[in-house]
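Below is one structure, written out as structure tokens; comments come after it.
The values are calculated or read from the model by the stated rules, or taken from the named source; none is laboratory data. Being a predicted model, the structure only gives us computed values, none of them experimental. For neighbour counting, all protein chains shown are included, and Cβ atoms are generated from backbone atoms with ideal geometry for every residue, glycine included. These area figures cover heavy atoms from the full protein model, side chains too; ligands, DNA and RNA do not enter into them. Shrake-Rupley method; radii C 1.70, N 1.55, O 1.52, S 1.80 Å.
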Amino acid sequence: MKFKLEYIWLDGYEPVANLRSKTKIVDFESEPTVEQLPLWNFDGSSTRQADGSSSDCFLQPVALFPDATRNQAYLVMCEVLLPDGTPHPSNSRAAISDDPDAWFGFEQEYFLYQDGSPLGFPKEGFPAPQGEYYTGVGFKNVGDIARQIVDEHIDLCIEAGIGIEGVNAEVAKGQWEFQIFGKGAKRAADELWIARYLMLRLCEHYGVDLNFHPKPLGADVDWNGSGLHTNFSTRQMREAGGEEYFTALMNAFSEAREEHIACYGPENDLRLTGLHETAAIDEFTYGVADRGASVRIPHSFVNSGHRGYLEDRRPNSLADPYRITGRILQTIESVTAQALIEDAFAA
């Protein structure tokens, strides 16, 4: 039985990697598992991942998703390897730690673009100011094809087994958001990358582009940018928590502010200005239900004895979710390591 396997990977472009893919036809007696999928090579000299004199790079399948757009087909998320089998320097997935008990929820904002402008913008100037677009209804707010695109995207994600949690029109005209939930740093990021891929491929059919830039309309206009707000929790945060642990966690996030910003997407200085529901890029703040803080604390977190999840609002829409989840886990683990050291000295 022949299966269409769409091998998907991240290229070597900087500061933002692009999604790449190609189709492999393979015979299996039954539905394949990710462990059964073969290693495959590609021309790394065409993706900024190798020189032409030694151009082979290799794709190692790491996650498998049903592809509802084709018969007997799968989407295959891959890591890029060097010929010796070690991770390619561009392979951000291989560089992070993982924890299956760490849960992540991504709020992916983006603009739909057509003919160089956000969908629904007039040929010259701007539409009506922000106000009615967020969760808006009606042609004047969402246009004629945007909702059709996002609804089809929901179905594609569900059929692929991706944990899509919801969608909504966002604050600016032509701007939308979808939410992805996953367990484990790598798996959650895999699902977001595949959800991005499905949206990009869907938009090909409509002659529409996706713009993930954090401030596509510029920093000097009164229009919101796009973020990748990242909700996170660990078993410790959900089950034990406590105000003392929360304070230690926020102190660790504050001390690692620069390291987090370095992982949270390029040109974030255009977006993190302290305006348009953002914190300033050179500060770390947190507050209950505060969308202008670096980290928003849900009311449910405080009401549950400082247990549950938190929202880091600093990552931008272009950011690599592997780097985000890896950095958040690294900071959380530093708090656990410090506590173990203090307990050892106290014993």
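Worth a mention:
- Lysine-lysine proximity count for the range 1-141, Cα under 25 Å, sequence distance 8 or more or distinct chains: 5
- Where (1) 28, 56, 15, 0; (2) 19, 27, 29, 21, 4, 0; (3) 30, 59, 11, 0 are the candidate values, the label of the one calculated here for P(r) over Cα pairs in 20 Å bins from 0, in percent is (1).
- Around the amide H of F126, modelled in the peptide plane, lies no amide H under 5 Å away from a residue 5 or more places distant or on another chain.
- Across the range 25-36, computed HN-Hα scalar couplings (Karplus, 6.51 cos²θ - 1.76 cosθ + 1.60, θ = phi - 60°) run 9, 9, 8, 9, 6, 8, 4, x, 9, 4, 5, 7 Hz from first to last residue, x flagging Gly and Pro.
- Prolate/oblate/rounded label for the range 142-285 (Cα gyration tensor, a/c 1.5): oblate
- Checking every one of the trypsin sites (Lys or Arg not before Pro) in the range 244-321 against DSSP loop status and a limit of 13 other Cβ atoms within 10 Å picks out R291.
- Net charge, H260 excluded, C-beta distance under 9 Å - Lys, Arg +1, Asp, Glu -1: 0
- H299 accessible area, assembled protein chains, probe 1.4 Å, Å²: 110 Å²
- For the chain, built as a Gaussian network whose Cα springs stay under 10 Å, the top-fluctuating residue of A146, A128, A195: A128
- Note, ³J(HN,Hα) from phi for the range 6-22, Karplus 6.51, -1.76, 1.60, rounded to Hz, x at Gly and Pro: 8, 6, 10, 8, 9, 7, x, 5, 10, x, 10, 6, 9, 7, 10, 7, 8
- Counting only protein heavy atoms and using a 1.4 Å probe, the accessible area of S90 comes to about 40 Å².
- Net +/- balance of residues flanking A63 in space, Cβ distance below 11 Å, scoring K and R +1, D and E -1: 0
- Among V150, Y206, A188 - extreme Cα towards positive end, dipole of the range 107-218, charges at beta-carbon: A188
- Overall dimensions of the range 197-346 by Cα: Rg and Dmax, Å: 17.2, 64
- Here, P(r) means the percent of Cα pairs in each 10 Å bin from 0 to the largest distance; for the range 173-254 it is 13, 31, 30, 19, 6, 0.
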